[in-house]
Every structure is written in C-alpha cells, then in structure tokens.
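The values are calculated or read from the model by the stated rules, or taken from the named source; none is laboratory data. Source: prediction; values computed, not measured. Counting neighbours? That spans all protein chains shown, and the Cβs are built from the backbone with ideal geometry, glycine included. With ligands, DNA and RNA removed, areas are computed over all heavy atoms of the protein, side chains included. Shrake-Rupley method; radii C 1.70, N 1.55, O 1.52, S 1.80 Å.
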Amino acid sequence: MAQWFPKIAVLELPGERGATAVRWNAHEYHAESEFYADFGNYDVKLTAPKEYTIGATGELQGTPAEKDGKLTHHYVQGDVHDFAWTADKRTARPLVDTWSGPGSPQVKITVLFPPEYESNAAPALKATKDSLTWFSNTLGPYPYKTVTVVIPPHNAGEAAGMEYPTFFTADSYAGLQPGTLDAYQLDFVTIHEFGHGYFYGILASNEFEEPMLDEGLNEYWDERMLRAAGRGIDATTPLLKAIGIAPRFKVFDFSRLGSPREEPADPLGENAYTRLQGIGPVYARTATAMHDLEEQLGKEVLERAFKEYYKRWKFRHPSVADLRETLAEVSGQRQLVERVFAQQVYATTRVDDRISSFSSEEVLPQPGVKLSAKQAEEKEDKIREDWDKAHPHAKDGTGPFPYRTEVIVRRRGADVPQTLVVTFVDGSKETVRWGGEQRWQKFEWTKPVKAVSAEIDPNASICWT
Ligand SMILES: [Zn+2]
C-alpha cells in the first residue's frame, strides 16, 4: 500500500457513502502488513443492480447476463492469489484504453472514476501505461490481459493506494493540475500500486515475514522509473506555483529524508509485525540501500540481476536469501553483496563518514643548524617581497611557498566506497577514493596553491541510510 508520503493537507467532509473497493479473500489481516497467499484460478460471478458499474480482478467473460433488473458479471483469472472488486452506481463512464509491449498480451486498461475526480482519470491512465512499459521492460513481460484502476470517490480516502492482482486503487485529488505535488502523488501512487502487481502479485513474497521484498523493492523500482524518466518531485501547490514557488527534489533524495532520523531499530529483512519503528522505514531504507548497492554494482549489472530474480521467482515465493543469491550470482560480486546485506538488510548499520579535519598551510623556510629563527624570517620576507613584485595581481591562496593540504576522514558506520574531493584556489581538484573497515584515514598534498574546500560523496551517490 502507499503509506509512504505525507499529505500536505487532508480535508475531511461528511459524505453520504464510504469506501467502495472491497477485498474479498480468506486470509487474515495483520497489523501493518498485508498479503501472503498461494496462487489459484478465480472464477467469480457478481450479481448487482443494473445501474452499478463493476470492476474486478481478471477478464470479464462475455456480456453480463440480465435477470430481474440485475446483471451478472462473470470474471475469470488464473495465476493470481487474490480477487478484488468494486461496485458503484456513481461511477462516471470508464476511461478505457489498451497497451501492448514485447512478450505481453494486449492489455485492456480500465480507469473507474467518480465524476468529481474526472481530472484524475487521464493522468492515472498515463501513469498506468508508463508503468506497464517500465515494469515489463525492466523485469519481465506483463502476463495478464487486464488492469483495472480505481479512483476512489470523495470521502473514501481510506480505500486509496491499495493493490490487488490486476486491480488497484490509486488516489483522488480535487482539481488536479500538472506540475504540482498532487499530480506527483497521483502518479507515484498509481505507479506504486501497479508495481505491487509485480512484487506482491507475481513474485508473491511473504509480506508478513519479509516486507522488504514487496514494499521495499517496489518503492526502489518505482523511484528508478521516475529517475529514468528524469522526473523530480514538484513540491508545490497551484497557488504556490502561481507565485513562482515550485521547488523540485530528486526522488532518492526525498527517500533519504524519509528515513528515520533516530538510530534505525529494525533491520530491513526483519518481519512486519515486531518492528519498533513500524513499517515506514522499510519503504525508504530499502530504496536507499538498494540505490547504494546499485552504485557499487553498476546500473547494468543491477538490472540484469533483477531480471534474473524475476525470471527465477515469478509465480513462486522468493525470500530475502533468494534475492541475495541472485544478486551475488549475477553480479559475480558475492563478497560485496553479502557485505551490503549483512550491514543493511540483516542489521541496521548506518552510513556515517565525515571530514574530521581539513587544513591548508604554507610550507615556510624552517630555522635549523645553518639558519637561525631570525634569518629564516628574513628569508621568508625577502622571498615574499620578490614574489609580490613579480606577481602584482596574484590571488589569495597563491604565493612563493607551496601549501601543504591535509584532510582526515573518519568512519563511524558502514563500509561503503567513498570519494573525497579537495578543490584548490586555482580551481584544480584532487580526487581520492577510499573504503574499507579503517576508522580513519589521512590524505595529504603539497601544491603551489591553497585548498579551499574538501567534500565527501560530492555526487551524492550514497544515500546515507
Ligand atoms: Zn505499497
């Protein structure tokens, strides 16, 4: 489900009806977790008054049969582990379209929406089509012939953001406008709930015992989709946008902000029901931990590994260990994968690197056996004077004497590959890469110019979970 994003404002008004999306299956809810069930074939007949619009998991068989002013709708779907349906007499005429992609059957997309949220229908359809393209290209072809998207009616917000096989509820926003936070949220919820169709639906991991494999990996893959499309988060409203306030965040940066500020208490690979900090961190911390693993393995290797994970485990029930094994085998970097899992999945090691000292000082003539302190000083003054005459427009931070620059870095958390960049007054840079278990390291340079800044992880490639 989509409980990852704080809403800026929630307006609650009394309404005449409650939620219309209903889940219909035999398994039990558990606090903060959802599904685990086996695959089956569903053959379901729903009888409802004629004026009701019906949406459900799977394919509608023929034309609904009419009897006594009621219609019986017949749905069939194999290779799914749940069935959901909706019946609402206020639904507007549904928005219907098709999608096709290599290896997938032609997919019929139906968006069910109430008249008050008409502005949400086309964006939800577009986000669903984009998601079909992304997930089928990056994991594997979409195997079903339908997707049904439900925009919940007014005052039925609790029905929003919920996934079922071939069927999900998105969200609803009054007067939706492009380029706003609402538009971003509708897109994200649509992508996220569709994405569950792969991670919860087809891969069907156990959400009670290992929620990371569904909510976590889904969040990660959704954010990769937005990153690939060059999408940022438009943190603005129509009103703020009108007065020119429209900040934009990178999706993974925002996820990082969503990680708990306090020391993480629950490993990502832990179950859903004994978590001190709840299920929330599973979304953000899995996305950031996998993002950091991707930085180390490389994008192409990571994508190959996820395709293989999907190929091996679709319609089965993978565990966290199966994910780890697939990543280790495909990448050929078992040691690295096992280290990341040991630190970030089976434990809660934070990334905590810092610059503990930074200095850049002139190397001056030193007094010694042949040079008294006074002579050394005089020599320094003379050299400086000559140099100033020869370089009347010299910049601060340059001079007759070289500069010795020293940076000490400290490591208090996980072992991650790290980059330090030191920038000098003439614009030149020194870049060093460091990693390993050492708790501190010292780097030194002697150059004609003074250093002006030292920075670790300058490209923000590590999410600092
Ligand atoms: Zn979710």
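Tallying residues that are assigned to a loop (DSSP other than H, G, I, E, B) and closer than 10 Å to N120 by Cβ within region 176-185 yields 1. Residues in region 99-139 that are within 25 Å of the chain's Cα centre (by Cα) and on the phi > 0 side of the Ramachandran plot: there are none. Taken together, D43, D88, D68, D38 contain a single residue that is surrounded by fewer than 17 Cβ atoms within 10 Å (Cβ to Cβ), out of contact with any Lys or Arg (no Cβ under 7 Å at 6 or more places or on another chain) and within 16 Å of F167 (Cα to Cα), which is D43. In region 310-339, the qualifying residues are those that are of a type outside the set (A, V, I, L, M, F, W, C) and touching a residue at least 40 places away in the same chain (Cβ under 8 Å), and the one that is most open to solvent (accessible area, probe 1.4 Å) is K311.
Of the residues screened, P400 is one that is more than 30 Å from T348 (Cβ to Cβ) and in contact with a helix residue (DSSP H, G or I) (Cβ under 9 Å, 6 or more places away or on another chain). Of everything in region 186-233 that is small (G, A, S) and more than 15 Å from the ligand (Cβ to nearest atom), the residue that is surrounded by the fewest Cβ atoms within 10 Å (Cβ to Cβ) is G230. Only one of the numbered conditions (1) closer than 24 Å to K89 by Cβ; (2) crowded, with 24+ Cβ neighbours inside 10 Å is violated by A122, and that is (2).
In region 276-298, the residues that are over 17 Å from T349 (Cβ atoms) and of a type in the set (A, V, I, L, M, F, W, C) reach residues that are part of a loop (DSSP other than H, G, I, E, B) and at pLDDT below 90 with C-beta atoms within less than 7 angstrom, at least six apart or across chains, in these pairs: I279/E32. Assess whether S100 counts as being touching a Phe, Trp or Tyr at 6+ places or on another chain (Cβ under 6 Å) and either touching a residue at least 12 places away in the same chain (Cβ under 8 Å) or open to solvent by 60 Å² or more (accessible area, probe 1.4 Å) (or both). So S100 fails the test.
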